[in-house]
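S.K.: The following block contains the structure, expressed as C-alpha cells.
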Amino acid sequence: MPDTPFFSRAFLQEMARYNGFFLDDTRLDALMPVFERSYPGRARFRVFDPGDTEPAPVFFPEDDRA
Amino acid sequence: MNKTELAFLSIDELSHLTESRQISPVEIVETSLERFARLDGMLNSAITVMADEARQAARDAEREIAAGRWRGRLHGIPIGLKDLIWTRGVRTTCASKIMADFVPDTDATCVTRLRAAGAIPIAKLNLHEWAYGATSTSSHFGRVCNPWNPAYIAGGSSGGSAAAVAAGLCYAALGTDTGGSIRVPASLCGVVGLKPTYGRISRRGVAPLSWSLDHVGPMTRTVKDAAILLNVLAGPDPADPTCAQTPVPDYTAGIDEGVKDLRIGISADLFTRMDGEVETVTRKAIAALEAMGAQTESVTIPLWDEALTAAIVLLNAEAVAVHETHLKNRPEDYGPDVRIRLEQGLFVTALEYVKAQRLRSLLAKDMTRLFEKIDVLVGPATPVAALSPDRETVTLCGHTEDPRAALTRTTRFHNLLGLPSISVPCGVTVNGLPIGLQIAAASFYEATVLRVAHVCEQTSGWVSKHPSVG
C-alpha cells in the first residue's frame, strides 16, 4: 500500500508510537484503506474555519448539570 | 388470550391487567422466558438470560400487587438490558472477549430506577462488540439476526435489544446510542427507539464508548411505552455529572394531542443518497402527518458534512481514550473491525478535536435558531433497510460506501448536538423489512418528539404488525 496524500505510513507509525502504541506493517496495511476512505471528509474539516475566538468549545446542551 | 397475544401486548395494555390482577407477573415472566428458550436460538438476541432472578422478582411482584402495593405501569414487566449496562451480580460483557467474565458489584442508575418502578430485568442483550458498530455482526457471542428475516442484520449497536423487543421476547429494552445505536436497530427491526437529550438519562454504570456522544434510551413496541419508560428513567443523578437537572414532565400526558399546526422541517440533507423504496415510504409517512394537520417546510441544516466529520473525530478520539489500556495490553482480543476503528483514534490531532468541539458550539446556536422556526425535524432513520451480514459496501445513488457510514448518516448529527430523536416504524419494503421515520426536536423537547411519533404510529397502522417468529 503506497503512502497517502495526507498521511505517510512512517508518519502514522510515529504518531502511534508517540501515543504509546506500536503498529507493525500488518496493522498499517489494515488501517491505510480506512484512511483512504475518510480523506475527503477529513480534508474538508481541516480547512473549515470556525472563527478566531468564538465560538468556544461546548460539551453539553444549555442546562444546569448535577 | 393465547401466549403469543400476551407476548405482544404493549406495556400500557399489560399494566392495566397487572393492576387489576387479571394477569400475574409470574405468568408474564414465564411467557418471556419460554420465548427466549424457544426462539432465541434463531435470533441470538441474548447473552445472558436472568431466569432465576426474574422468577424470584416475579413472585415478589405478585405478592406486592396482591397486597395492594402496585407500583405503577412497569410493575412486573420483563425488560431487557443491553449488555454493557451494569447489573449487580450478573455478568456484563459488552459483547467482548475482554469483559466476558466481568460481574459488576452494583447496578447502573438506570437499572436501579427500573427496579424501583417494579420492572423485572430478564436478560442481558447482545450488541455490536463494545457498542462500536452499526450492524451487530461483530460480537464475541455471535451475530444478532433480524426477526423479520434472520438472513439480514438487526442493526446496531443495540441489535439484541431491538431484536428481542420486536420478537416479543421482552416488552421493552434499554439501549445506548453514540451515533445511532438505538435508532438504527429500531429502524431495521421495526420497533420504537428513543435517544433522549444528552444528560436526560443517567449513564452511571453504563460502559462508555464516547463520553460526549453517549446516550441511554428505551426501545419499545409502541411510542406510549417509550414515554412510560422515559418517565421512570429521566432525571438528575448526583453520581453522573453530565446528567441534567431539568425537571421531568409526564411524557405520556400530551402524547394524544396530535400534530395539528405543528411545524415540521424537512431537510434535503437527510434525504441524500437514499434507497428509493425507503424514500418513498418515508415521504408517504410525512404526507400522512401533513394530512393530520402538520405544516411542512424545507429547511437547511448548517454545515451538515462538517458536522458528520466532527462527530467521527470526537468518537474516534474519545473511544481510543476509553480503550487505551485494553488496546495496549490485549489488542488481539478485540474483533478485527472494532480494533481498526479504535486504532483510527490514535491519529486524531488535538487541533481537530478542539475544532470539532467548536463546530459543535456553532451548530448548537444555529440549531437553536432553526428550532424557533420549526417544532420537529423529520426524515428517514436510516437511508436503507436491513442489509445482509456479508455486505462490505453499500451503493446508493451511484456512491459506494461502508455500510456503517450509510446506516448512521442520518442519526449521527443528533448525537453531536445531544438532540432528542426517535425512530418510529412507518412501513416495510417489498421484501417485508421495516423502515423507520426519524423525528428530532430541540433539547429537552422529548414530549414533542413522542407526540409526532405517536401520530405516525397510528397513521401507519404499525402497532398491529409483528414478525412471524412464533
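S.K.: Confirm whether B:Glu332 is part of a helix (DSSP H, G or I) and either among the aliphatic types (A, V, I, L, M) or over 26 Å from A:Gly20 (Cβ atoms) (or both).
M.R.: no
S.K.: Which one is farthest from the chain's Cα centre (by Cα), of the residues in region B:142-175 that are open to solvent by 10 Å² or more (accessible area, probe 1.4 Å) and within 18 Å of B:Ala123 (Cβ to Cβ)?
M.R.: So the residue we want is B:Gly142.
S.K.: When you check B:Asp261 against the structure, is it farther than 30 Å from B:Ile312 by Cβ, among the acidic types (Asp, Glu) and not in a loop (DSSP other than H, G, I, E, B), yes or no?
M.R.: no
S.K.: In region B:71-94, how many residues are among the hydrophobic types (A, V, I, L, M, F, W, C) and touching a Gly at 6+ places or on another chain (Cβ under 8 Å)?
M.R.: 4
S.K.: Exactly one condition in (1) more than 10 Å from every other protein chain (Cβ to nearest Cβ); (2) of a type in the set (A, V, I, L, M, F, W, C); (3) touching a residue at least 60 places away in the same chain (Cβ under 8 Å); (4) farther than 21 Å from B:Thr137 by Cβ is false for B:Ala350; which is it?
M.R.: (3)
S.K.: Confirm whether B:Ala317 is over 26 Å from B:Leu433 (Cβ atoms) and of a type in the set (A, V, I, L, M, F, W, C).
M.R.: yes
S.K.: Between a residue in region B:310-325 that is within 19 Å of B:Met99 (Cα to Cα) and any residue that is of a type in the set (S, T, N, Q) and surrounded by 21 or more Cβ atoms within 10 Å (Cβ to Cβ), which pairs come within a Cβ distance under 7 Å, given they are 6 or more apart or on different chains?
M.R.: B:Ala319/B:Ser210
S.K.: Also: Please determine, by comparing only the residues of region B:51-76 that are among the small types (Gly, Ala, Ser) and part of a helix (DSSP H, G or I), which one is most open to solvent (accessible area, probe 1.4 Å).
M.R.: The qualifying residue most open to solvent (accessible area, probe 1.4 Å) is B:Ala66.
S.K.: Does region B:234-251 contain at least one residue that is part of a loop (DSSP other than H, G, I, E, B), touching a helix residue (DSSP H, G or I) at 6+ places or on another chain (Cβ under 6 Å), in contact (Cβ under 8 Å) with a residue 24 or more places away in the chain and closer than 16 Å to B:Glu457 by Cβ?
M.R.: Yes; the residues of region B:234-251 include at least one that is part of a loop (DSSP other than H, G, I, E, B), touching a helix residue (DSSP H, G or I) at 6+ places or on another chain (Cβ under 6 Å), in contact (Cβ under 8 Å) with a residue 24 or more places away in the chain and closer than 16 Å to B:Glu457 by Cβ.
S.K.: Here are B:Ile286, B:Ile301: which of them is away from chain A (no Cβ under 14 Å) and in a loop (DSSP other than H, G, I, E, B)?
M.R.: Matching residue, one of B:Ile286, B:Ile301: B:Ile301.
S.K.: Working carefully through the options B:Glu297, B:Glu318, B:Glu290, find the one that is among the acidic types (Asp, Glu) and crowded, with 16+ Cβ neighbours inside 10 Å.
M.R.: Selected residue: B:Glu318, the only one of B:Glu297, B:Glu318, B:Glu290 that is among the acidic types (Asp, Glu) and crowded, with 16+ Cβ neighbours inside 10 Å.
S.K.: Related question: Among the strands (runs of 3 or more DSSP E) lying completely within region B:363-453, list those that include at least 3 residues that are open to solvent by 10 Å² or more (accessible area, probe 1.4 Å), more than 13 Å from chain A (Cβ to nearest Cβ) and modelled with pLDDT of 95 or more.
M.R.: The strands (runs of 3 or more DSSP E) meeting that bar are B:421-428.
S.K.: Consider only pairs whose beta carbons are under 8 Å apart and that are at least six residues apart or on different chains; among these, list those whose first residue lies in region B:256-285 and is within 17 Å of B:Ala442 (Cα to Cα) and whose second residue is open to solvent by 50 Å² or more (accessible area, probe 1.4 Å) and among the hydrophobic types (A, V, I, L, M, F, W, C).
M.R.: From residues that are within 17 Å of B:Ala442 (Cα to Cα), the pairs are B:Val259/B:Met292.
S.K.: Can you tell me which residues in region B:180-203 are small (Gly, Ala, Ser) and assigned to a loop (DSSP other than H, G, I, E, B)?
M.R.: B:Gly180, B:Ser181, B:Gly190, B:Gly199, B:Ser202
S.K.: On the given criteria, is B:Asp40 modelled with pLDDT of 95 or more and either of a type in the set (Ser, Thr, Tyr) or open to solvent by 30 Å² or more (accessible area, probe 1.4 Å) (or both)?
M.R.: no
S.K.: Answer yes or no as to whether B:Gly199 is of a type outside the set (A, V, I, L, M), closer than 17 Å to B:Gly180 by Cβ and either free of Cβ contacts under 8 Å to residues at least 40 places away in the same chain or crowded, with 22+ Cβ neighbours inside 10 Å (or both).
M.R.: No, not satisfied.
The values are calculated or read from the model by the stated rules, or taken from the named source; none is laboratory data. Predicted model only: the values in this text are computed from it and were never measured. Quick reminder, even Gly has a Cβ in these numbers, built from the backbone with ideal geometry, and neighbours come from all protein chains shown. The accessibility values were calculated without ligands, DNA or RNA, using every heavy atom of the protein model including side chains. Shrake-Rupley method; radii C 1.70, N 1.55, O 1.52, S 1.80 Å.
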